Amino acid sequence: MFSLLLQFTKFIKSKQCILTLLLLLIFSRSDAQIHYIDFNPDIELSAYPEGNRDTFALDMNEDGVTDFTAAAWSWFQFIHQQCCWNYRAYITGTDTGNAFADSPSACSPLYLDSGSCFGSTNIYNAIMFGQMGPAGLCEPESINPEYYPFKMLIQNQPHYGWLRVGANVGALTIYDGAINLVSGDSMCAGQVVGLNDAPEVLTLHVFPNPARDIITIEAPFPAVGGRLRLLDGFGRILISEQVKSTGPIRLSVDALASGFYFLKLESDRFRAVSTVVLR
């Protein structure tokens, strides 16, 4: 009996794997051009307490090569008794072709509102930094999260992207970022998909699976405001609900017949799919 149950479980899992792959093939697009990274948890670097040094390597296209280095640190520079501490936070390119767009300020590179576009017409020579102390006084223009456009080289070709960063003297918080993988193409602040691209397709975590009455769904992205649909093998939508709260999603399926079903969760930025077996 146990052997039969084990074989049945393996059969179900193999079917689910095949169906999930089919879903990914159906819903994926091969022409996605924008590579988006949501740093979760946020990258927080601080020069405090005095003498601290935090660093982080940023690989914006996730090819294993560091494109920018973010750092925050503080050091003591003696001028007179008990004076003085210096505080600095910055992001700089690891290649001479990797830099942020220039602005009129010497303390901060250019930052843009969401939807503002940039590209080859901008000049990219800046590093992002704030510094205070005897070694120089330079406070960033904004401590609020802003979109900072940058240029970086991939195989010696220019690519444009953005980082969303909150900056202060001696502190940085990096939230997310994206880069256009098409060389020379322009980019817009906050853009996470190409103008003609479908959202990236991810995988939902569903349990229990197989299930009888209620399933719990965990999304790999913030799902509030998105729409969850359950479809049968003919593509008919049997359940369609808007996600109204954070955390795992609970869905009642006790009224449905036994069989294989498809789950699809869509938001403005992402899509995720999975299969579920009801018995």
15 Å beta-carbon shell around S120, net charge (K/R +1, D/E -1): -1
Gain upon complete extension [S120, F234; 0.36 nm per residue less C-alpha separation]: 36.3 nm
Förster-model FRET efficiency, 30 Å R0, H205 and V182, C-beta, rounded to 0.05: 0.40
The stretch 35-188 - convex hull of alpha carbons, volume per residue in Å³: 108
Computed FRET value (nearest 0.05) for Q81 with D113, which takes r as the C-beta separation and R₀ as 51 Å: 0.65
Taking W73, W162 and counting other C-beta atoms within 10 Å, the order from fewest to most: W73, W162
Length-normalised contact order for the stretch 35-188 - Cα pairs under 8 Å, 6+ apart - percent: 26
N144/L251 FRET efficiency (R0 51 Å; Cβ-Cβ; nearest 0.05): 0.85
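Here, each number is a calculation from the coordinates, and none is a lab measurement. All values reported here derive from a predicted model rather than from experimental measurement. Because the Cβ atoms are built from the backbone with ideal geometry, glycine has one as well, and the counts that use them run over all protein chains shown.
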